[in-house]
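Report on the structure given below.
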Amino acid sequence: MQSSHLRPTLDISAALWAGLISGLVFLATGVLLPWLTLGDLGLILRILASIPLGPEVVPAGSVSPFVTTLVATVMHLALSLGFGMLIALVVHRWGLLVGILGGALMGLALYGINFFSLSFFFPWVFPLRNWMLLLAHILFGALAGGLYELFDEYDEPLVSLNSEATDTNS
């Protein structure tokens, strides 16, 4: 009797690239929009750095800009890779349109989690929520989902190991 094991065909490389590229676009959006509208170039970097470093880094000039930028970038790119994998897992093999729309919805959910749930642990983050960061989160999700679908090399969501054995024996 043969077992019908299924192997998921999530393209990990595509998911990591989608997360990395989307994370870089998020950073660019999160830095440029507050700079253009508020004149504050480092707002998103200080918000990100405040999670591991504490609320004292949120006011401009309170901590070295190099330290803030380094901590924020490393933390953000690590989170982007993880969230990119999560989005890829959810939108996997639904197609480009669902990848973009589903990813955008997941970006919206990430915004909600970041600013409404995590603010329980990091209360200084809650008042910093704004439409620019909402837009950056939605853009991150849409890009991660869409890029994953573009980079994904597999055609089927699940491949039966039995069908692979049958194909090689034919």
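Every number in this text was worked out from the coordinates using simple rules, so none of it is lab data. All of these numbers come straight from a predicted model, not from anything done at the bench. Heads up, the Cβs are rebuilt from the backbone with ideal geometry, glycines too, and the neighbour counts pull from every protein chain shown.
Things worth noting here:
- Residue check: Leu32 meets all listed conditions (1) within 20 Å of Leu143 (Cβ to Cβ); (2) more than 15 Å from the chain's Cα centre (by Cα); (3) surrounded by 16 or more Cβ atoms within 10 Å (Cβ to Cβ) but one, namely (3).
- Residue count, the stretch 10-26 (criterion: surrounded by fewer than 20 Cβ atoms within 10 Å (Cβ to Cβ) and either at positive phi or assigned to a helix (DSSP H, G or I) (or both)): 8
- Count - residues of the stretch 35-45 that are buried (at least 19 other Cβ atoms within 10 Å of the Cβ) and touching a residue at least 60 places away in the same chain (Cβ under 8 Å): 2
- The stretch 118-141, subset within 18 Å of the chain's Cα centre (by Cα) and of a type in the set (A, V, I, L, M), residue surrounded by the most Cβ atoms within 10 Å (Cβ to Cβ): Ala136
- Scanning the stretch 58-104 for residues that are out of contact with any helix residue (DSSP H, G or I) (no Cβ under 7 Å at 6 or more places or on another chain) and closer than 13 Å to Ile138 by Cβ returns a single hit, Leu101.
- Some residue of the stretch 46-69 being charged (D, E, K, R) and touching a residue at least 40 places away in the same chain (Cβ under 8 Å): no
- Residue tally, condition on the phi > 0 side of the Ramachandran plot and surrounded by 13 or more Cβ atoms within 10 Å (Cβ to Cβ), over the stretch 51-99: 1
- The set of residues in the stretch 43-60 that are more than 20 Å from the chain's Cα centre (by Cα) and of a type outside the set (A, V, I, L, M) comprises Gly54, Pro55, Glu56, Pro59.
- Here Leu32 meets each of (1) in contact with a Gly (Cβ under 9 Å, 6 or more places away or on another chain); (2) over 16 Å from Asn114 (Cα atoms); (3) of a type in the set (A, V, I, L, M) with one exception, condition (1).
- Criterion: of a type in the set (Lys, Arg) and part of a helix (DSSP H, G or I) - qualifying residue of Arg46, Arg93: Arg46
- Those residues of the stretch 117-153 which are in contact (Cβ under 8 Å) with a residue 12 or more places away in the chain and aromatic (Phe, Trp, Tyr), in sequence order: Phe122, Trp124, Phe140, Tyr148, Phe151
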